[in-house]
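Below is one structure; the comments refer to it alone.
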Amino acid sequence: SYNNIHPQPTAMFTKDKTEVCVNNNIRFTDGSSGIDTTLKTWLWNFGDGITSSQSNPAPHVYNVAGTYSVQLTVTNNNNCVSTPFSTIVIIDSIPVVDAGPDRNVLEGGTIILEPVVKGSGLQYLWSPPDYLSNSKIKHPLVTGVEDRLYTLTITANGGCSDSDKVFVKVLKFPKIPNTFTPNNDGINDTWIIQYLETYPGNRVQVFNRYGQVVFESKGYAKPWDGT
């Protein structure tokens, strides 16, 4: 009589991604060989408590961030069992960004944008890049030139992203004319102070040559007409 000794099958698979964010899927494709016969069973273990017996399972979704070992064992029609084949996948948390409250900056001055972010391996992109020292860093410097609504988009290692907006108001220096003509001819009848409206808490006082207050206003919603 003869004893037939069969070779062990080889388990192997490929994956379309190594690292993704939570709730994104990874596709695993079988590449195993039965060696001297066809394969009969497949046992996948995705490392998160889920298994599959399909040769090519549906793309797998991970719901919790972490590092997982994915393993495949195959059996051929000679009932020979392979050595398990395994690989690692990384699942990242979904990033979160808060660009912060709206900001003011003096004309020609600078401020630093200070977002609050959460995530791993983050990349930053501010849009538009106008008046920023660097649009691809977490804390760019903004120079006060013109008002801008900036959007910060952060992208994590796994490829998913989040975005938030912040408005930067430029407080321009008031332009104070030293004359006006309150003669009711419809031309230059009030004392118009350009850009003063960007300072809602302003206080305007006009004194005569003797130091007496002849006009006073908290806020300047109605320009002075000389009375």
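Amide H to amide H under 5 Å from residue 31: which residues, 5+ apart in sequence or cross-chain, H placed 1.01 Å off N in plane? Distant-sequence amide H within range of residue 31: 12, 13, 14. When peptides 48-61, 87-100, 135-148 are ranked by their average number of other Cβ atoms within 10 Å per residue, the highest-first order is 87-100, 135-148, 48-61. A simple spin-label model places the labels of residue 134 and residue 81 5.5 nm from each other, with each point 7 Å out along Cα-to-Cβ.
Only lysine pairs 8 or more places apart or on separate chains count here, and in the chain those with Cα atoms under 24 Å apart total 15. Based on Cα contacts under 8 Å between residues 6+ apart, the chain shows a relative contact order of 15 percent. Where both partners of a DSSP beta bridge lie in the chain, what percent of those bridges are antiparallel, to the nearest 5? Given both bridge residues lie in the chain, the antiparallel proportion sits at roughly 85 percent.
Please report, as a whole percent, how much of the solvent-accessible surface of the range 33-80 comes from carbon and sulfur atoms (probe radius 1.4 Å). Before the final figure, lay out the partial values.
Values: 1200 of 2480 Å².
The C+S portion of the solvent-accessible surface of the range 33-80 is 48 percent.
Per residue, the chain exposes 60 Å² of accessible surface when a 1.4 Å probe is rolled over the protein heavy atoms with every protein chain present.
Exposed loop sites here are chymotrypsin sites (Phe, Trp or Tyr not before Pro) in DSSP loop states with at most 11 other C-beta atoms within 10 Å. What is the longest stretch of the chain lacking them? Please list the in-between numbers first.
On the way: sites that count: 2, 210.
Here the longest segment lacking exposed loop sites spans 3-209.
Any idea what the dipole of the chain comes to, in debye rounded to 20, about its Cα centre with Lys/Arg Cβ at +1 and Asp/Glu Cβ at -1? Walk me through the numbers on the way to the answer.
On the way: 17 positive and 20 negative charges, 48 e Å.
Charge dipole of the chain: 240 debye, to the nearest 20.
Between the beta carbons of residue 4 and residue 69, assuming R0 = 45 Å, the FRET efficiency works out to 0.85 to the nearest 0.05. Per-residue 3J(HN,Hα) values for the range 153-166, derived from phi via the Karplus relation 6.51 cos²θ - 1.76 cosθ + 1.60 with θ = phi - 60°, read 10, 10, 10, 8, 3, x, x, 8, 9, 8, 9, 8, 10, 9 Hz in sequence order (x marks Gly and Pro).
The values are calculated or read from the model by the stated rules, or taken from the named source; none is laboratory data. Given the structure is predicted, the values throughout are model-derived calculations rather than measurements. Neighbour counts run over all protein chains shown; Cβ positions are idealised from the backbone, glycine included. With ligands, DNA and RNA removed, areas are computed over all heavy atoms of the protein, side chains included. Shrake-Rupley method; radii C 1.70, N 1.55, O 1.52, S 1.80 Å.
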